[in-house]
Amino acid sequence: MLRVTRTLVVTLAALAATGAAAQDKVSDNVVKIGVLTDMSGYYSDLAGPGSVLAARMAAEDFGGKVLGKNIEIVSADHQNKADIASNTARKWFDEEKVDVIADLVSSSTAGAVMPVAAEKKRITLLSGPATTAFTGEKCTPYNVHYTYNNWALANGTGREVVKQGGDSWFFVTADYVFGKSLEEDTTKVVKAAGGKVLGAARHPSPGTTDFSSYLLQAQSSGAKIVGLANAGADTVNSIKQAKEFGVTPKQSLAGLLVFISDIHSLGLDIAKGMYLTTAFYWDLNDDTRKWSKRFFEKHKKMPTMVHAGVYSAVSHYLNAVKAAGTDDADKVIAQMKATPVKDFFTKNGKIGPDGLHRHEMYLVRVKSPQESKAPWDYYQIVKTIPPEEAFPSVEAQACPLVKK
Amino acid sequence: MNLQALSGQLLVGLINGSFYALLSLGLAIIFGLLNVVNFAHGALYMMGAFAAWMMATYLGIGYWWALLLAPAVVGVIGVVIERLLLRRLYGLDNLYGLLLTFGLTLIAEGLFHHAYGNSGNSYPVPEFLQGGVRLGFVYMPIYRGWVVGVSIFVCTLSWYVIEQTKLGAYLRAGTENPKLLQAFGVNVPLMFTITYGFGVALAAFAGVMAAPVYQVTPLMGSSLVIVVFAVVVIGGMGSIAGSIVTGLGLGLVEGLTKYLYPQASSVVVFVVMAIVLLIRPAGLFGRER
């Protein structure tokens, strides 16, 4: 009798232990995804509420549960301030059980959050920011740079524009880490392609509304191409005022980071003819149209590449959690890097050991009002850039994680 | 760079200075006569631009009518603000007015942000003023020339009315000693309402002028209002001539900075402010009270 009791106790104890182990697979019984973005500032149209919606859609499409645990989406406004971003991330990790942070538009906020996440062993999925160094010298083991980076923009647009005869450049650059890095990357591309860079004017950002003096400098430089190494409202005002001051059409603009939301607010009459590089366009194929129309119904605007990237990144993360059978960051990130990405966003995406997601990019030309047949019919695809051409190779990145 | 580039930058500075002058004029009038620090000025400027855009988009009203109607509509909103809210704060510390108008700014920007997003909308340059002229040293868009001309005209007119006419004399008397003026049979509260409404209409007017140049966005006023406040402080709080001259002058200083060291262009105004306050605490044209 005693033996039976003993066996029973041991079995029960073992069962209890396995039960506990099964519970531990998902920390805190919830997979919590934080969308940290600019909810009301300069980048709120290209990321912001649309990014939160995209993350919610990804969770919904997963049935709201992974490994039997609820998926929860939280969001916060980092106001484009690095300190607010890192404080929010700390609070999310320490007190609110957030497992992963998505979007992080604006490089200064992403740069502040990545080290915090690495220290706490949580994952960051960058969709909004552009700085190439996030998977180069600033890389962390828990980061995926998902949607695009400056290198891809610089190469996509820079190389093609030089090829078409635009061999002298002048930059109008946003004076912070993102703009400078974009200018630097594009300069390299232009020079490598045989062009030359005549100079640059750096404007404070955000907060500049009048770009005329910078554009005048671009004008007097005599460069064939005025490269806009800025984003959002800055780009929109630059393009508008370039037309006003007669910079265009004599000189051509190359928008290095232009979102479909910018084109929408500018109108085709002002933006027509401009070349730009994007990771996503709603009207590429049936899959992109289907997803984008769903997004449009809820958001009333077509998705930017950042929105599509947030959805795809969050889905890929959830798939990895499911496949790894845990939300443990080390295992999930390994799973994410081991699995190719195949969805409406990319047919052929791979995340490298440096954390850079390499996928197709698209060089597009903005249609004229006459060419545009329907609302949001804005881009003509000039070239589909394959992943290995669109993004720097692992060797070219100076990420210390990758042993040479 | 060379003299040609410098003159180009100075011209651009003059154009920006015209906006500063137009906006700081309204602020100076409101502060000078009502003693209210109207932090909502940037938001009202934005509402002027949005009013013009909405008139064009929903009602098909063009630029010229908008130049008249948008300030009128926003001016009426100003009158409502004064009657319902601001009025209750007269006689209290300046800080209360500042907080109230700051709160109103946040509400207005929030509402427009909610309705139109942040990328904003494009407002076309009116056909009559499209194109530009080559001035030898720089290409000058006709519309910008128009901005400078109109701004100087409106500023001079406002200065004349306030400093040189009987109506202006009443207004100034009202700020010195409202009770005494009321005893003479002048309706001082009404005068205050009209003054605030006029200051607000000036902001909206500047907004309509700015709409074809800048993207019409909910935040377009928020970066400008800080600079404009600096202009008013440098010119001397409440000094009307001071704010006009300083507005234009600072535009030029900014233009010069953009030529010499562009990175400093956003702080140069505040450097000037600090220096002026050290030497003349009441501002260039201000009187010590």
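Read the figures in this text as sums done on the coordinates, not as results from a lab. Remember, predicted model here, so these are calculated numbers, not experimental data. For neighbour counting, all protein chains shown are included, and Cβ atoms are generated from backbone atoms with ideal geometry for every residue, glycine included.
Between B:223, B:18, B:265, the residue with the greatest mean-square fluctuation in the GNM of chain B (Cα pairs under 10 Å linked by springs) is B:223. In percent, rounded to a whole number, the relative contact order of chain A is 17, using alpha-carbon pairs under 8 Å and six or more apart. For the stretch B:168-289, the convex hull drawn through the C-alpha positions has a volume of 122 cubic angstrom per residue. Given a cut-off of 21 Å, what percent of all Cα-Cα pairs of the stretch A:198-339 lie beyond it? Across the stretch A:198-339, Cα pairs with separations above 21 Å total 56 percent. Using Cβ point charges alone (K and R +1, D and E -1), the dipole size of the protein assembly as shown about the Cα centre works out to roughly 380 debye. Of all DSSP bridge pairs formed entirely within the protein assembly as shown, close to 35 percent run antiparallel. Cα extents for chain A along the principal axes, largest to smallest and rounded to whole angstrom: 98, 45, 35. Sort chain B into rounded, prolate or oblate with this rule: let a ≥ b ≥ c be the square roots of the eigenvalues of the Cα gyration tensor; rounded if a/c is under 1.5, and if a/c is not under 1.5, prolate when a/b is larger than b/c, oblate otherwise. Judged from the Cα gyration tensor, chain B comes out oblate (a/c at least 1.5, b/c at or above a/b). Candidate cross-link partners of residue A:342 among the lysines, defined by an alpha-carbon separation under 18 Å and a same-chain spacing of 8 or more, comprise A:290, A:322, A:350.
If you wrap a convex hull around the Cα atoms of the stretch A:246-298, how much volume per residue is inside, in Å³? Roughly 95 Å³ of hull volume per residue. Averaging the sequence gap over all C-alpha pairs within less than 8 Å and six or more residues apart, then dividing by the number of residues, gives the stretch B:172-289 a relative contact order of 23 percent. The phi torsions of the stretch B:197-207, fed into the Karplus equation with coefficients 6.51, -1.76 and 1.60 and a -60° offset, translate into couplings of x, 5, x, 5, 4, 4, 4, 5, 4, 4, x Hz, rounded to whole numbers, with Gly and Pro shown as x. For the stretch A:323-387, a crude dipole built from +1 on the beta carbon of Lys and Arg and -1 on the beta carbon of Asp and Glu, taken about the Cα centre, is about 360 debye to the nearest 20. Amide H to amide H, with H built 1.01 Å from N, residue A:361 comes under 5 Å of A:385, counting only residues 5 or more places away or on other chains. Its Kirkwood hydrodynamic radius, worked out from the mean inverse distance over all distinct Cα pairs, puts the stretch A:317-404 at 15.5 Å.
How would the stretch A:127-210 be classified by its alpha-carbon gyration tensor: rounded, prolate or oblate, with rounded meaning a/c under 1.5 and the a/b versus b/c comparison settling the rest? Judged from the Cα gyration tensor, the stretch A:127-210 comes out oblate (a/c at least 1.5, b/c at or above a/b). A simple packing score, the average count of other Cβ atoms within 10 Å per residue, orders the peptides B:92-105, A:32-45, A:215-228 as A:32-45, A:215-228, B:92-105, with the highest score first. The alpha carbons of the protein assembly as shown occupy a box of 110, 71, 50 Å along the principal axes, longest dimension given first. When chain A is treated as a GNM, springs tying every alpha-carbon pair under 10 Å, which of A:392, A:375, A:204 comes out with the largest mean-square fluctuation? The residue with the greatest mean-square fluctuation here is A:375. Proximity of backbone amide H atoms, modeled 1.01 Å from N, is registered between residue B:61 and B:56 at under 5 Å, excluding neighbours fewer than 5 places apart on the same chain. Remark: relative contact order (chain B) = 39 percent; criterion is Cα-Cα distance under 8 angstrom and separation of 6 or more residues.
Averaging Cα coordinates gives a centre for the stretch B:29-77 and one for the stretch A:145-205; these two points are 39 Å apart. Phi angles across the stretch B:224-237 convert, under the Karplus curve 6.51 cos²θ - 1.76 cosθ + 1.60 with θ = phi - 60°, into 3J(HN,Hα) values of 6, 5, 5, 4, 5, 4, 4, 4, 5, 5, 5, x, x, 3 Hz, Gly and Pro given as x.
Under the combined filter of DSSP loop state and at most 15 neighbouring Cβ atoms within 10 Å, the stretch A:365-396 retains these GluC sites (Glu not before Pro): A:371, A:395.
The C-alpha atoms of the stretch A:268-343 occupy a region whose extents along the principal axes are 51, 27, 19 Å, arranged from largest to smallest.
Other protein chain C-beta atoms within 10 Å of residue C-beta, averaged over B:110-120: 5. Partners of residue A:301 within straight-line reach, counting aspartates and glutamates whose Cα lies under 19 Å from its Cα and excluding those fewer than 8 residues away in the same chain: A:38, A:45, A:103, A:262, A:283, A:286, A:287, A:377. Counting, for every residue in B:212-221, the Cβ atoms of other protein chains within 10 Å of its Cβ and taking the mean gives 5. Among the residues of B:257-270, the average count of other protein chain beta-carbon atoms within 10 Å of the residue beta-carbon is 3. Comparing A:367, A:298, A:69 in a Gaussian network model of chain A, where Cα atoms under 10 Å apart are tied by springs, the biggest mean-square fluctuation is seen for A:298. The spacing between the stretch A:223-295 and the stretch B:142-214, judged by their C-alpha centroids, is 41 Å.
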